[in-house]
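**Student:** Got a structure here, written out as structure tokens. Questions coming.
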Amino acid sequence: MSVLQKLLTINPRYVYLVVAVAVIFPMVWDLRLPTVTSPPVEMLYKEIESLPPQSRIILSMDYDPSTVPELHPMSAALLRQCFAKGIRVFGMTLNIQGQSLGVEIMDRIAKEFNIPNDGSQYVFVGFRPGPVIIQIGEDIIETFQTDFQKRDLRSLPMMVGVKNLDQFELCISLSGTSVGYSWIATPGTRYRKKIAVGVTGILVSNFYPYLQSGQLVGMLGGLKGAAEYENLIQHEDKAKQGMGSQSAAHILIILLIIAGNIIYFVQRRQAESK
Amino acid sequence: MFWQRQFPLVVCFVLGVSFIIQFFVKHPVIQSDVINEAANFATIIGIFALVLGLYSITRMHWMKIRHRRKDWFFSYVLFASLLLMTLLGWILGVGNDTPFQWMYMAVMVPLSSTMFSLLAFYMASASFRAFRAKSFESTLLLLAAIVVMLGRVDIGPYMFPDTSIGNMPIWGVDEITNWLLEIPNTAASRGIGLGIALGTLATSLKMILGIERSYLG
Amino acid sequence: METTLSFADMVSLFLAAFLTLAIFSFLWKDNFFYKLGEALFVGSAVGYNLGLIYDVIIFPRWVTPIFYQYKFFYLIPTVIGAMYITRFSRKWSWLSRYPMAMLIGFGSGFSIPYAIQASIFKQVSASMLPLWSSAGFELNNLLMVIGVLTTLFYFFFSIEHNRKLVRIPVRIGIVFIMISFGATFGFTVMARFSLLIGRVNFLWYDWLGALFGFKA
């Protein structure tokens with residue numbers, strides 16, 4: 001077997017080891033490079049910046065633990081911006097496993113800003129099954145009735161005067177699935193609410209048509225999107241921490257693709273010349 | 001026979017057409033109360049599907065234990081963790097500072113996240129062994145992938161920033177990536193999305209009209 | 001501000017680290033610890049859903065309407081939903097078609113108008129872009145229109161793609177599709193590595209950081 005053939009059939013564990021080094025080393029070294037903001041992220045940031053204090057927005061954390069590294073930093077960054085501006089956040093989730101994640105992040109970020117859990121600045125209602133996304137457009141109080149701590153929604157200060165989506169300025173869905181389309185289709189189309197999404201990297205390219213058509217007012221895409229948002233709110237956290245490793249990983253993949261193709265073309269030429 | 005095969009199709013048709021019509025009826029009772037109650041009805045009906053799923057997983061693992069099939073011991077682990085989580089939630093509650101939440105953060109989150117993170121290693125291995133620029137189309141795909149991979153991390157714009165030759169601006173990798181995503185990618189994604197939407201519409205109409213009956217089993 | 005971890009938090013940290021490393025051990029080979037983690041994952045996921053079921057589903061959607069709001073007509077969907085269980089009986093399994101037919105009818109009927117509006121009408125109207133504006137010729141708009149049309153053309157299989165007039169738009173469509181797929185692949189790499197980076201971040205900063213006293 002030639003050297004090239006041996007390289008191609010190398011034990012994959014060596015490749016895994018190289019991947020591990022590429023991810024761990026920049027993290028240990030804390031490699032940080034300047035972050036350039038992309039237009040969809042900037043659009044969402046400006047949209048929230050334009051909201052007056054005491055505005056209400058819906059933040060729907062429609063994700064589960066498998067997408068936490070990408071979407072949890074987005075939740076944190078959005079909550080920090082909203083709490084700093086005095087924007088009131090209605091937290092919910094359309095994913096049953098998002099309930100525990102949502103309550104954790106909302107309480108944690110609220111503590112950073114010394115915001116009490118009394119329903120004045122934020123409310124987390126958790127998960128409700130079924131076509132909730134339709135029902136909140138008609139009567140959000142009837143749909144959820146109580147918050148996560150079983151308090152009557154009507155008794156909470158930020159829910160006074162709230163009946164449905166008309167009292168909310170913006171709906172943001174963070175999801176690793178196609179739930180974002182449902183937000184665009186129902187609250188976005190039927191109730192003409194402004195919609196923004198935060199999605200995992202895999203779905204980013206699919207949502208660009210909705211940005212171009214104006215059906216989305218902004219989009220955060222993957223870990224980079226979260227890092228860009230942290231950069232904009234000037235509070236670097238987990239997303240920015242991970243970008244050094246992300247850079248190294250991408251360079252590694254590019255080099256592996258190039259190396260694999262070089263070996264392939266050299267072998268092909270050798271075979272043809274024989 | 002009518003009640004077994006035809007009447008379910010009639011039910012599907014009536015409900016399907018009713019809810020298409022409700023979109024055009026702007027009466028507040030239809031738009032609010034009827035939709036709300038219908039949504040709650042759908043939720044209650046859907047809950048019973050969980051029973052089927054639970055039965056399926058329980059039966060599968062019980063048979064594994066009973067017949068001592070390979071790795072039967074782990075079926076006990078599955079049942080133990082299932083019961084523990086269920087009882088913690090039912091007895092001690094599901095709030096933020098409960099044992100249920102503790103188990104979720106200590107067990108479910110790391111397991112779920114790590115399972116999916118293994119894919120990064122397999123992707124690296126596949127990049128080396130399988131991704132070949134064998135044709136014009138695959139070369140184009142790989143080039144677009146490389147540009148996006150460089151443009152969507154911090155090191156890309158750092159290594160290849162926007163620059164200029166004289167008065168002529170030269171786009172850096174970040175600008176090229178933005179353009180790729182906003183124009184060719186949007187165009188193709190829109191075309192594919194339109195195709196999917198039309199296909200979904202056709203399938204939904206076929207189901208409502210009773211032409212597509214596979215969901216009846 | 002330094003915060004010391006409680007005993008429960010410490011146990012949680014070490015358990016999470018152990019389970020993370022157990023799953024990663026699969027990269028070496030399939031082993032006892034990986035299988036243990038796998039079984040725990042499936043069991044706790046199902047248990048999590050069951051644990052929440054009364055709190056978030058049964059109480060607000062069934063108990064409250066019937067026993068607190070006296071909406072006894074909610075027994076109708078209860079009976080219909082219970083028909084799902086007849087699936088286990090060979091004689092009565094046909095009854096399970098009713099709840100399925102109702103859910104399909106409701107879901108399809110409700111979503112069709114919104115899908116048409118959001119995914120078809122709005123998207124088509126967004127593709128009708130001016131090729132000329134006050135700024136001059138809009139090349140990007142032209143590319144967008146050509147891209148959408150040729151991509152749709154590519155997926156139209158009722159005409160053979162190797163015919164003379166058809167070949168060129170199909171080839172152009174392929175170019176746009178390959179660029180889109182390449183972009184998707186690039187983002188997929190980012191997504192997969194983000195998950196790995198998240199776990200490594202946890203192991204390095206949260207676990208080893210707590211053990212040896214260093215922070216991000």
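The values are calculated or read from the model by the stated rules, or taken from the named source; none is laboratory data. The model shown is predicted, which means the values in this text are computed figures rather than measured ones. Methodologically, a virtual Cβ is constructed for each residue, glycine included, from the backbone with ideal geometry; neighbour enumeration extends over all protein chains shown. Just so you know, the surface numbers come from the protein's heavy atoms only, side chains and all, with ligands and any DNA or RNA stripped out. Shrake-Rupley method; radii C 1.70, N 1.55, O 1.52, S 1.80 Å.
**Student:** What pairs can you find where one residue is in segment C:20-40 and in a helix (DSSP H, G or I), the other is open to solvent by less than 20 Å² (accessible area, probe 1.4 Å) and of a type in the set (S, T, N, Q), and their Cβ atoms are less than 7 Å apart, with a gap of 6+ or different chains?
**Tutor:** Filtered contacts from segment C:20-40: C:Thr20/B:Thr114; C:Ile23/B:Thr114; C:Phe24/B:Thr114; C:Leu40/B:Ser81.
**Student:** For A:Pro39, work out the one condition from (1) crowded, with 17+ Cβ neighbours inside 10 Å; (2) under 24 Å from A:Val204 (Cβ atoms) it doesn't fulfil.
**Tutor:** (1)
**Student:** Moving on to the next point. Read through the list (1) crowded, with 24+ Cβ neighbours inside 10 Å; (2) in contact with a strand residue (DSSP E or B) (Cβ under 6 Å, 6 or more places away or on another chain), then give the number of the only condition that B:Tyr104 fails.
**Tutor:** It is condition (2) that B:Tyr104 fails.
**Student:** Then there is this: Of all the residues that make up segment A:219-242, how many are outside any helix (DSSP H, G or I) and touching a Phe, Trp or Tyr at 6+ places or on another chain (Cβ under 8 Å)? Please lay out each step first, then the result.
**Tutor:** So the first thing to find is which residues in segment A:219-242 are outside any helix (DSSP H, G or I), and the list is A:219-221, A:233-237.
Now drop any that are not touching a Phe, Trp or Tyr at 6+ places or on another chain (Cβ under 8 Å), which leaves A:219-221, A:233.
Matching residues across segment A:219-242 total 4.
Conditions (1) farther than 22 Å from A:Ile48 by Cα; (2) without any contact (Cβ under 8 Å) to a residue 40 or more places away in the chain; (3) among the hydroxyl-bearing types (Ser, Thr, Tyr), marked per residue:
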{"residue": "A:Ser120", "(1), (2), (3)": "no, yes, yes"}
{"residue": "A:Asp166", "(1), (2), (3)": "no, yes, no"}
{"residue": "A:Ile172", "(1), (2), (3)": "no, no, no"}
{"residue": "A:Thr177", "(1), (2), (3)": "yes, no, yes"}
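**Student:** Listed residues A:Ile184, A:Ile140, A:Ile136; which is under 17 Å from the mean Cα position of the chain (by Cα) and in contact (Cβ under 8 Å) with a residue 24 or more places away in the chain?
**Tutor:** Values: A:Ile140 fails: under 17 Å from the mean Cα position of the chain (by Cα); A:Ile136 fails: under 17 Å from the mean Cα position of the chain (by Cα).
The unique qualifying residue is A:Ile184.
**Student:** Follow-up question, since we're still on this one. Could you tell me whether B:Ile47 is at pLDDT below 90, closer than 22 Å to B:Met108 by Cβ and among the β-branched types (Val, Ile, Thr)?
**Tutor:** Working: at pLDDT below 90: yes; closer than 22 Å to B:Met108 by Cβ: yes; among the β-branched types (Val, Ile, Thr): yes.
Here the answer is yes, as B:Ile47 does meet what is asked.
**Student:** Could I ask something else about it? I'd like the full set of residues that are away from chain C (no Cβ under 11 Å) and surrounded by 16 or more Cβ atoms within 10 Å (Cβ to Cβ), limited to segment B:15-33. Step through it out loud before you land on a result.
**Tutor:** Our first condition is that a residue be away from chain C (no Cβ under 11 Å); within segment B:15-33, this holds for B:25-33.
Of everything in segment B:15-33, those that are away from chain C (no Cβ under 11 Å) and surrounded by 16 or more Cβ atoms within 10 Å (Cβ to Cβ) turn out to be B:Gln31, B:Ser32.
**Student:** Next up: Sort through C:Ser194, C:Ser180 and tell me the only one that's part of a helix (DSSP H, G or I) and over 30 Å from B:Thr114 (Cβ atoms).
**Tutor:** Details: C:Ser194 fails: over 30 Å from B:Thr114 (Cβ atoms).
The match here is C:Ser180.
**Student:** Then there's this: Spot the failing condition for B:Ala42; the list is (1) open to solvent by 20 Å² or more (accessible area, probe 1.4 Å); (2) without any contact (Cβ under 8 Å) to a residue 12 or more places away in the chain; (3) under 18 Å from A:Arg190 (Cβ atoms), and only one is missed.
**Tutor:** Every listed condition holds for B:Ala42 apart from (1).
**Student:** Mind listing just one residue for me: the one in segment C:83-94 that is open to solvent by 40 Å² or more (accessible area, probe 1.4 Å) and at the interface with chain B (Cβ under 7 Å from one of its Cβ atoms) and, of those, farthest from the chain's Cα centre (by Cα)?
**Tutor:** C:Trp94
Table: residues versus (1) touching a residue at least 40 places away in the same chain (Cβ under 8 Å); (2) closer than 16 Å to A:Asp237 by Cβ; (3) outside the structural domain of A:Pro187 (by TED's automatic domain parsing).
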site: A:Ile57; (1), (2), (3): yes, no, no
site: A:Ser60; (1), (2), (3): yes, no, no
site: A:Pro65; (1), (2), (3): no, no, no
site: A:Leu71; (1), (2), (3): yes, yes, no
site: A:Ala76; (1), (2), (3): yes, yes, no
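**Student:** Among the candidates B:Ser125, B:Ser138, which residue alone is open to solvent by less than 40 Å² (accessible area, probe 1.4 Å), of a type in the set (S, T, N, Q) and within 9 Å of chain C (Cβ to nearest Cβ)? Before the answer, list the steps.
**Tutor:** Working: B:Ser125 fails: within 9 Å of chain C (Cβ to nearest Cβ).
Unique residue meeting the criteria: B:Ser138.
**Student:** Go through segment C:1-32 residue by residue and tally those that are modelled with pLDDT of 95 or more, in contact with a Leu (Cβ under 9 Å, 6 or more places away or on another chain) and either open to solvent by 70 Å² or more (accessible area, probe 1.4 Å) or among the β-branched types (Val, Ile, Thr) (or both).
**Tutor:** Residues that pass the stated criteria total 3.
**Student:** Additional query: Please go through (1) free of Cβ contacts under 8 Å to residues at least 60 places away in the same chain; (2) within 7 Å of chain C (Cβ to nearest Cβ); (3) open to solvent by less than 70 Å² (accessible area, probe 1.4 Å) for B:Ile146 and return the number of the only condition it doesn't satisfy.
**Tutor:** (2)
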